[in-house]
Amino acid sequence: METPLPPDTAQTRALREEMVMEQIFRRGVHTARVLKELRTLPRHWFVPDDLLPYAYDDSPLPIGQGQTISQPYIVALMTDLLKLSGDETVLEIGTGSGYQAALLSLLAQQVYTVERHAVLAQAAAQRLAAVGIHNVTVLTGDGSGGFPEYAPFQGILVTAAAPRVPEPLLEQLDVGGRLIIPVGSRSGQDLVIAQKSPAG
C-alpha cells in the first residue's frame with residue numbers, strides 16, 4: 001500500500017517561501033516562471049519520511065542507494081539555465097526522488113527521466129503519479145547514452161557529474177537546445193552549458 005503524501009500546511013508553505021527567497025532568489029535565480037513553480041511544488045513530498053523536518057534546508061539529502069535529492073539552489077539553477085518556455089521535450093539523466101523531474105514537468109511539455117537504480121525509478125514513478133504529474137515518463141537504465149528513440153530534446157539536464165560531456169547527449173540535442181551537466185571529478189566540478197548551433 002502506498003504511503004499517503006504528507007500534508008502541505010501553512011508551515012511547509014512558509015518554509016518553501018523562505019527557501020525560494022533566501023536560498024534561490026538571493027543567489028541570482030530570478031526567472032518568474034521558475035520561482036513560481038518552486039513555490040508551488042512541495043519539496044517535502046520527495047524526501048524520505050524520516051527527513052521531512054529537513055526538506056527545505058539548504059543542502060542535499062540522502063534518498064537511498066547512495067543517492068541524494070540535490071540542494072534546492074542547484075535544482076533551481078540548473079532548471080533556470082535550460083531557459084524553458086513551456087513547449088519543450090526535456091531529458092533528465094538521474095531521476096533520484098523525482099523532485100527535479102516534477103519541477104521540469106511544470107515548465108516543459110514532456111519530460112523523460114532516466115534512473116539507473118530500479119528501486120529509485122519505481123519509487124519516483126509512483127510518487128509522481130500520486131502527486132498528479134502525468135507528463136513525466138520514468139525510464140530505468142544507464143542514461144549516458146541518452147534515449148535516441150525520444151530525441152531530439154530541446155533540453156537535457158544531467159544531475160550527476162561526468163568526466164566529460166557524453167557525445168550521444170550532444171547528438172540528441174535539438175538545434176537551439178541546451179544541455180546542462182556538471183563535468184569533473186569528486187574533487188571539483190564545473191557546471192557546463194552546451195547549446196547546439198544550426199551547424200551542429
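The values are calculated or read from the model by the stated rules, or taken from the named source; none is laboratory data. Keep in mind that this is a model prediction, so the values were computed, not measured. Using ideal geometry, Cβ is built from the backbone for each residue, glycine included, and neighbour counts are taken over all protein chains shown. Keep in mind that these areas ignore ligands, DNA and RNA; they rest on the heavy atoms of the full protein, side chains included. Shrake-Rupley method; radii C 1.70, N 1.55, O 1.52, S 1.80 Å.
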TODO: Examine the range 140-154 for a residue that is at pLDDT 95 or above, of a type in the set (A, V, I, L, M), open to solvent by less than 50 Å² (accessible area, probe 1.4 Å) and not in a loop (DSSP other than H, G, I, E, B), and state whether such a residue exists.
DONE: no
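Considering only the range 32-75, state which residues are open to solvent by 50 Å² or more (accessible area, probe 1.4 Å), part of a helix (DSSP H, G or I) and in contact (Cβ under 8 Å) with a residue 40 or more places away in the chain. Please lay out each step first, then the result.
First pass over the range 32-75, keeping only residues open to solvent by 50 Å² or more (accessible area, probe 1.4 Å): 32-33, 36, 39-40, 49-50, 52-54, 57-58, 60, 62, 65-68, 74.
Next, only the ones that are part of a helix (DSSP H, G or I) stay: 32-33, 36, 39-40, 49-50, 52-54, 74.
If the condition is that a residue be open to solvent by 50 Å² or more (accessible area, probe 1.4 Å), part of a helix (DSSP H, G or I) and in contact (Cβ under 8 Å) with a residue 40 or more places away in the chain, then 33, 40, 49, 52 are the ones that fit.
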TODO: For the range 95-115, name all the residues that are over 19 Å from residue 35 (Cβ atoms) and either modelled with pLDDT under 95 or among the hydroxyl-bearing types (Ser, Thr, Tyr) (or both).
DONE: 95, 97, 112, 113
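Considering only residues that are outside any strand (DSSP E or B), of a type in the set (Lys, Arg) and modelled with pLDDT of 95 or more, which ones fall in the range 155-193? Step through it out loud before you land on a result.
Taking the range 155-193 first, the residues outside any strand (DSSP E or B) are 159-161, 163-172, 186-187.
When the remaining residues are screened for being of a type in the set (Lys, Arg), the result is 164, 186.
Within the range 155-193, none qualify.
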- [ ] Please specify each residue of the range 109-131 satisfying the condition of being open to solvent by 10 Å² or more (accessible area, probe 1.4 Å) and hydrophobic (A, V, I, L, M, F, W, C).
- [x] 118, 119, 120, 123, 125, 129, 130, 131
- [ ] Please state which one of 184, 146 is on the phi > 0 side of the Ramachandran plot, in contact with a helix residue (DSSP H, G or I) (Cβ under 9 Å, 6 or more places away or on another chain) and touching a residue at least 12 places away in the same chain (Cβ under 8 Å).
- [x] 146
TODO: Among the residues of the range 76-98, write down those that are surrounded by fewer than 21 Cβ atoms within 10 Å (Cβ to Cβ) and of a type in the set (Val, Ile, Thr).
DONE: 89
- [ ] Look through the range 1-31, keep the residues that are among the polar types (S, T, N, Q) and surrounded by 12 or more Cβ atoms within 10 Å (Cβ to Cβ), and return whichever of them is nearest to residue 122 (Cα to Cα).
- [x] 12
Task: Among residues of the range 106-136, those that are of a type in the set (Lys, Arg) and part of a helix (DSSP H, G or I), counted - done: 1
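Taking residue 103, is it touching a helix residue (DSSP H, G or I) at 6+ places or on another chain (Cβ under 9 Å), open to solvent by less than 10 Å² (accessible area, probe 1.4 Å), touching a residue at least 12 places away in the same chain (Cβ under 8 Å) and assigned to a helix (DSSP H, G or I)? Show your work before the answer.
Values: touching a helix residue (DSSP H, G or I) at 6+ places or on another chain (Cβ under 9 Å): yes; open to solvent by less than 10 Å² (accessible area, probe 1.4 Å): yes; touching a residue at least 12 places away in the same chain (Cβ under 8 Å): yes; assigned to a helix (DSSP H, G or I): yes.
Considered against the rule, which asks whether it is touching a helix residue (DSSP H, G or I) at 6+ places or on another chain (Cβ under 9 Å), open to solvent by less than 10 Å² (accessible area, probe 1.4 Å), touching a residue at least 12 places away in the same chain (Cβ under 8 Å) and assigned to a helix (DSSP H, G or I), residue 103 comes out as yes.
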- [ ] State all residues of the range 175-196 that are open to solvent by less than 50 Å² (accessible area, probe 1.4 Å) and farther than 16 Å from residue 94 by Cα; if no residue qualifies, say none.
- [x] 176, 177, 178, 184, 188, 192, 194, 196
